[in-house]
Amino acid sequence: MLGAAHLPPMQALLQISRQLFPEGGPYLPWTYQLPPAPIPHTPAHGVCPSGSDQCIDDTIAEMEARAAVMRRECDDNAPLLLSYLHTTKGEREIARASGGFQYPAHVNDWSTSYAHHYFDAIDNYYRNGRPDLVPESWRQNFRASDDHSLTVFGNVAAAYNAHITHDLPIVIAEMGVTAPDGASYKPDHEKINALLAAAEQGTVQELAVLYGAADPAMAAPYETEPLTAVAFGQVIQIWREYAWRGAEQLLLAPTPAAKQEVENQIDALSNLLGDIILRLFARTDPAPHHSHCPAS
């Protein structure tokens, strides 16, 4: 590659990757090659059975209201919600675009139900006094947010882990993986992978602007684009493929005991990944640690 021959190894790798991948961030859609399991249609059990656009509008309005309070209070849970808003707004745009999702009403119901799992987790932990109802991977994230022990990127990664590796397989199973006409919902699931990859750069840039002064480490991922985009995008894609397969296993479980075993495996992996993230993204600045306050 031109311009990379005489550079130090890391700079050379960055230079090569910038020439290989588009400016908007690379997306390598390998999960499209993995076909869904043949599972019959099952009724959806979502919170928006009509699949109306209003459900998504209301969900985004709720996210925006919560995010405003979190930012004002310098809550370390805010970075995740700001990122989540990016993708949910992107899903809304695709759902309303001609030739967007194959089953936009189903995506609306799924997206609203998925967001409610997040709302339930954070409300039971902070508002309702019921941390016992909160999955452990979410509790890991909330404890880290409360003691300010993670970098901003670490806060996002820990919450993404809980929401994707724990919540997502459960929500996909609740919503079903096959439409009434027998077609799989997986192509729409894959389209969200592409959306997440496209939104990643804007999300990291926004968080770098908001939190760069409070957490200098937040600027590092953006400075090393597109390598960070490749790594982060592939991790999210792997997690989402795992979530789809976990949902299939939940739906294929022949007995309640077998289904419980799958749920236990989902919990165990999400907790393990959460523990790894807590170690990998632990803050290294001297204690006592304070919350990450975003720029005004």
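The values are calculated or read from the model by the stated rules, or taken from the named source; none is laboratory data. Just so it is clear, the model here is predicted, and its values are computed rather than measured. With ideal geometry, Cβ positions are generated from the backbone for all residues, glycine too; neighbour counts draw on all protein chains shown. These accessible areas exclude ligands, DNA and RNA; they are computed on the full protein's heavy atoms, side chains included. Shrake-Rupley method; radii C 1.70, N 1.55, O 1.52, S 1.80 Å.
Would you confirm, using the coordinates I've provided, whether A198 is surrounded by fewer than 21 Cβ atoms within 10 Å (Cβ to Cβ), hydrophobic (A, V, I, L, M, F, W, C) and part of a helix (DSSP H, G or I)?
Values: surrounded by fewer than 21 Cβ atoms within 10 Å (Cβ to Cβ): yes; hydrophobic (A, V, I, L, M, F, W, C): yes; part of a helix (DSSP H, G or I): yes.
Taking the combined requirement at face value, the residue satisfies it.
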Assess whether R18 counts as being at pLDDT 90 or above and either open to solvent by 90 Å² or more (accessible area, probe 1.4 Å) or within 19 Å of the chain's Cα centre (by Cα) (or both). no
Looking at the range 141-172, which of its residues are out of contact with any Phe, Trp or Tyr (no Cβ under 8 Å at 6 or more places or on another chain), surrounded by fewer than 23 Cβ atoms within 10 Å (Cβ to Cβ) and touching a residue at least 24 places away in the same chain (Cβ under 8 Å)? D146, D147, H148, S149, I170
Residues of the range 235-272 satisfying the condition of being of a type in the set (A, V, I, L, M), within 30 Å of S149 (Cβ to Cβ) and open to solvent by 40 Å² or more (accessible area, probe 1.4 Å): V235, I238, A268, L269, L272
